[in-house]
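Reviewing the structure listed below.
The values are calculated or read from the model by the stated rules, or taken from the named source; none is laboratory data. Note that the structure is predicted; figures quoted are calculated from it, not measured. No Cβ is skipped: glycine too gets one built from the backbone with ideal geometry, and neighbour counts run over all protein chains shown.
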Amino acid sequence: MSEWKKLLQGVSEEYLTGLTNKGIVKRALKDLEQAKLSLKEEENCLTVQVEDAVCTLVFPLGESKCSCPSRSICKHIIMAALFAKNQYAKKQYSGEEDEKEEAEEGLASVLEYPLAKLKRTIGDKRLQSLYHAFSQGTGPEIAEGDIVTVSFADTGITVRLLEPVEYSSCSCHKKDFCQHKAEAVLSYQIHAGKLTVEDLLPELEENNTLCGDEIKEFGKDLKNFLGEQLSAGLARSSAAVMDSLERLAIISHNYKLPDFERDLRALGGEYQLYFKRTASFQISWLLHKLCSLYRKAEALEMARTKEEMAGLAGEFRTEYLPCPPMKLSGMGQREFVSKAGYEGEIYYFLNEDTLVWYTYTNARPVFYENEKRRVPTESSKAPWGLFCKLEEFAEARLLLYDGKTSKDHRLSATAQAKAEYLGKRRLIKENLKGQYFEDFKQLFEERLADSWQQENEEEKLVLIKPAYIKNTSFDSINQQYSMELYDRENQRIILEVSYSKTEHYTIRFLERLAKRIGQGDMAVPCFFGSLYVKDAAMRLYPINYYEDME
């Protein structure tokens, strides 16, 4: 088959639109019907006479030239390419085998583009966002034809991938290989099976891995610096110590040591109070911080394992990344009181498309130890611009736009996010496969059988429908309420709630629920809760129950 015929096979209207725009292609098609063109094959190019212009076609087609004043891909080049394709199509060639070979080549330069270069162009933060989206099945929309179109719902960007990849176009209108094009190439490589989502993970883990020897050396340097400050005394210190502390804080950040970074900046703040002669400065507090950080630096220097280092390093604040639009069903809420002095509610949502669980936390500080527990009032507003109360929020169907989620699926209260209220949730068993269970043995095999192998496992949220209940009781010694749930095969799960200030009303509610079931006033409902194993038995912490399951 002619080499030019092979090259021109992929030149379609869609491909040409990617090189220029739809208007120019339409105009070229219209003018091509009346225009007179001639073609001459040269050694490395095709020369096409198009009306008064002379076009030199080369591959990649984006490098073709025209004698007209236009500096970009003009109407004449589009006409020349379509004319050349039609002329070569009229010639005889070997056919199917060559067509198959061409199809298999596809977007070769797109599929072979180096992963390392893509990662550098995309950047760590956006790479994490893409990994987050692909892991949840909410990656970009990819349409394949003569060209590949990749649409990102979260940013509103559309990229048309062409062969070669350098001639791809992006709706951001940048001519160079921008971040969006790199994201599109990476997405297509995953879509085509060239890469897997897990191929993104090693780089992310590598960027978050503590470098043992370097960390220990940093611990030693920090300990020596703090020792010098303790030996010299405050009277001999200069304001330059604040610059040194800031430099060490930056190094701590780069080494992924957030606790050290915070402590160093706090120590710098104390020195600043001293040098400004602020009345609130206390030398005892400065000495306490110096000694405390010295001991931590010494422990870091002596750490033998990365686990020990990680324990000393601490954690940065939760990072929230952009997520695509999501349809969420509110599944209920539970109350909490934290040791850090906060109380509030955790709201649970299920993504209707991916069946992934998400949580939203409404927390507030507790300022007085004896203050009675506060509950949401009727005037409490839901987040994301919703015109509903928090009580309705827990049972609502929502369409969330411009939202952000953390790695562990926590939803951010960001003001940029907006949500549309779609009414009250509707639960249909057929739409909850993998989350709804009536067979407790199947539940164990799917959710708990290999849980002992998992590290940092998330809360195991499930929906279970028992056939019957038995043995409801409150253990006054252990201050624990329990209810035994059984399936049709008499497999058991123990519903269990420990008494506390926040669980008092939960226990009373469960007691009334058990009484109604026992009296035949209601059927056994579907329970939603957190599944775990204790004393070789499956147990459930209840969050909500539903009588309206369809």
Next item on the list: Give LEU130, LEU115 a once-over and let me know the one that is modelled with pLDDT of 85 or more and under 21 Å from the mean Cα position of the chain (by Cα).
Entry: LEU115
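Collect the residues in segment 423-452 that are among the basic types (Lys, Arg) and in a helix (DSSP H, G or I), keeping them in residue-number order.
LYS429, LYS441, ARG447
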Check: Within segment 396-412, can one find any residue that is without any contact (Cβ under 8 Å) to a residue 40 or more places away in the chain and of a type outside the set (Lys, Arg)?
Finding: no
Next item on the list: Determine, yes or no, whether ASN478 is exposed (fewer than 12 other Cβ atoms within 10 Å of the Cβ), of a type outside the set (Ser, Thr, Tyr), out of contact with any strand residue (DSSP E or B) (no Cβ under 6 Å at 6 or more places or on another chain) and at pLDDT below 90.
Entry: yes
Notebook entry, point to check: Regarding HIS173, is this residue over 22 Å from ALA116 (Cβ atoms) and either surrounded by fewer than 17 Cβ atoms within 10 Å (Cβ to Cβ) or touching a residue at least 24 places away in the same chain (Cβ under 8 Å) (or both)?
Noted result: yes
Margin query: Take GLN519 and tell me if it is of a type in the set (S, T, N, Q), in contact (Cβ under 8 Å) with a residue 12 or more places away in the chain and more than 20 Å from ARG334 (Cβ to Cβ).
Written below: no
Next item on the list: Filter segment 175-220 down to the residues that are assigned to a loop (DSSP other than H, G, I, E, B) and closer than 13 Å to ARG120 by Cα, then identify the one that is modelled with the highest pLDDT.
Entry: CYS178
Next item on the list: Using the structure shown, decide if THR149 is of a type in the set (S, T, N, Q), more than 21 Å from TYR401 (Cβ to Cβ), part of a helix (DSSP H, G or I) and at pLDDT 80 or above.
Entry: no
Checklist line | Given (1) among the β-branched types (Val, Ile, Thr); (2) touching a Ser or Thr at 6+ places or on another chain (Cβ under 6 Å); (3) in contact (Cβ under 8 Å) with a residue 60 or more places away in the chain, number of the condition VAL11 does not satisfy | finding: (2)
Notebook entry, point to check: Within segment 524-535, is even one residue assigned to a helix (DSSP H, G or I) and out of contact with any Ser or Thr (no Cβ under 6 Å at 6 or more places or on another chain)?
Noted result: no
Next item on the list: Under 6 Å between Cβ atoms, at least 6 apart or on separate chains: pull out the pairs that start in segment 129-151 with a residue that is closer than 11 Å to SER187 by Cβ and end on any residue that is part of a loop (DSSP other than H, G, I, E, B) and not charged (D, E, K, R).
Entry: ALA133/GLY139; VAL150/PRO140; SER151/PRO140
